[in-house]
1. Out of the residues in the stretch B:71-91 meeting the condition of being away from chain A (no Cβ under 14 Å) and surrounded by fewer than 21 Cβ atoms within 10 Å (Cβ to Cβ), tell me which one is nearest to B:TYR206 (Cα to Cα).
2. Within the stretch A:34-43, take every residue that is assigned to a helix (DSSP H, G or I) and surrounded by fewer than 17 Cβ atoms within 10 Å (Cβ to Cβ) and give me the one that is farthest from the other protein chains (Cβ to nearest Cβ).
3. Among the listed residues B:VAL34, B:VAL77, B:VAL71, B:VAL54, which satisfies the condition of being closer than 19 Å to B:MET241 by Cα and assigned to a helix (DSSP H, G or I)?
4. Counting only residues that are surrounded by fewer than 14 Cβ atoms within 10 Å (Cβ to Cβ) and among the charged types (D, E, K, R), which one in the stretch A:54-75 is nearest to the other protein chains (Cβ to nearest Cβ)?
5. Considering only the stretch B:164-184, state which residues are farther than 22 Å from B:ALA143 by Cβ and crowded, with 22+ Cβ neighbours inside 10 Å.
6. What is the one condition in (1) crowded, with 16+ Cβ neighbours inside 10 Å; (2) in contact (Cβ under 8 Å) with a residue 24 or more places away in the chain that B:PRO148 does not satisfy?
7. Condition check: surrounded by 17 or more Cβ atoms within 10 Å (Cβ to Cβ), at pLDDT 80 or above and at the interface with chain B (Cβ under 10 Å from one of its Cβ atoms). Does A:LEU46 satisfy that?
8. In the list B:VAL278, B:VAL289, B:VAL260, B:VAL250, which residue meets the criterion of being without any contact (Cβ under 8 Å) to a residue 40 or more places away in the chain, touching a strand residue (DSSP E or B) at 6+ places or on another chain (Cβ under 9 Å), more than 9 Å from chain A (Cβ to nearest Cβ) and not charged (D, E, K, R)?
Amino acid sequence: MTNTAGTVLDREDLRRTVAHILDIDPSQLTDEARLQDVGGDSLLALEVVVVLEKKYGVRFSEEEMKTFTTFSQTHDLLAVKLGSA
Amino acid sequence: MPQACSPVRGTVAVTHVTGPRSEITLEVAPDEPVFRGHYPGHPIFPGVCIVDFVRRGALLTHPEPGSARRVTGVDRVRFLDPVRPGDRLTAQLNWREDGASWRCTADVATERGRAARLTLLFGDAATEKPSEAPPETAAGTRAPLAVPITPAAVKQRIPHRHPMLLVDRVVGLAPERELTALKAVTCNEPWYEAITDEADDSAYDYPAALVIESWCQAASLLLSGGQPTGPGGALLLFGGMSGVRLPRPVRPGDVMRHQVRLSRSFGDTFTFEGESTVDGERVLEVDQVVIAVREPEPAPHRAGTPEHVRSHP
């Protein structure tokens, strides 16, 4: 899969990216697991947001940040922002 | 084994080695010199001293001891629980080769549980080319202060004291945006005392841990907005750092010029980025450090502003 200017959202690449920040194996970051159950906390959540903003060239509001509860939600919100939903 | 100076006086021991994995320990003695200044009346083992403990243990277990001895980067560091006088630190190290460099990942724990997790990158001093700093960091600062913030005023803003007060002067400040600070390195700092006359020049590398600590103290000053905070002031919680690179060593006689920029803020949590230069050449690059500001608890035993204390909201 090719990324064009970072706007194509590869689900598994996103999973690896988020898992790296949480310091867990991507296999532990299942779609529906709550991020705080796999080692995330409020400070790590912010790191995830900042890394995703830089990697995909988007910006999240504080309200949107609160919806990052599971990996699926994170992916879906990012997909909407990138227009690839 | 070549000498290197360290802010930690205690001895790092290797308890076992199995291939790329090993275990190291350190007794954190109550009379470690850093505790006097970090912080007075409220001793907390600096997070960067945990990093230095890992560095020293890593050098003792290095798969290729003749090469790649300098810390050229810190991939990720997260502080999970404060470390206090009397704790026994144990770290599980795992080495991996990465091209011409070596990566050492450490899981650090006290008797109470996980304390930190970090990955150090080791390389050769000889192969590091000095990177060029963009002109604006070499020439000056975008928000110069007519009256620099001097040590007396710095002490009103952060709780660090000798020998862990590692900012000499703030020369530029745009509140809530960026800050420029200086720290001079001298061979008269306490960690150089143990270096013997036979040591070569590399023994005088300023510990990577302290290069990073000095920059982080500058970041703390930007957060305090240049305003005094005393005991009972807000708590600064360091969530972690990532993308830290040290392109070349820092030596006595160097003056580090730290640039700190606020990159993102969400409520009371902030991310910073920046770099440090010596004579216009980069010695430190920081992609991201996350710091949260929390109001202190009212109980008197929490007075002070411990950094590297993880909150669990």
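1. B:GLY73
2. In this case the residue turns out to be A:ASP37.
3. Details: B:VAL34 fails: closer than 19 Å to B:MET241 by Cα; B:VAL77 fails: assigned to a helix (DSSP H, G or I); B:VAL71 fails: assigned to a helix (DSSP H, G or I).
Testing whether each residue is closer than 19 Å to B:MET241 by Cα and assigned to a helix (DSSP H, G or I) leaves just B:VAL54.
4. Of the stretch A:54-75, the ones surrounded by fewer than 14 Cβ atoms within 10 Å (Cβ to Cβ) are A:57, A:59, A:61-63, A:66-67, A:72.
Cutting the leftovers down to among the charged types (D, E, K, R) gives us A:59, A:62-63, A:66.
Working: A:ARG59: 9, A:GLU62: 5, A:GLU63: 11, A:LYS66: 10 Å.
Per the stated criteria, the residue is A:GLU62.
5. B:MET164 - this is the single residue of the stretch B:164-184 that is farther than 22 Å from B:ALA143 by Cβ and crowded, with 22+ Cβ neighbours inside 10 Å.
6. Condition (2) is where B:PRO148 drops out.
7. Taking the combined requirement at face value, the residue satisfies it.
8. Unique residue meeting the criteria: B:VAL278.
The values are calculated or read from the model by the stated rules, or taken from the named source; none is laboratory data. Keep in mind that this is a model prediction, so the values were computed, not measured. Please note: Cβ atoms are built from the backbone with ideal geometry, for glycine as well, and neighbour counts cover all protein chains shown.
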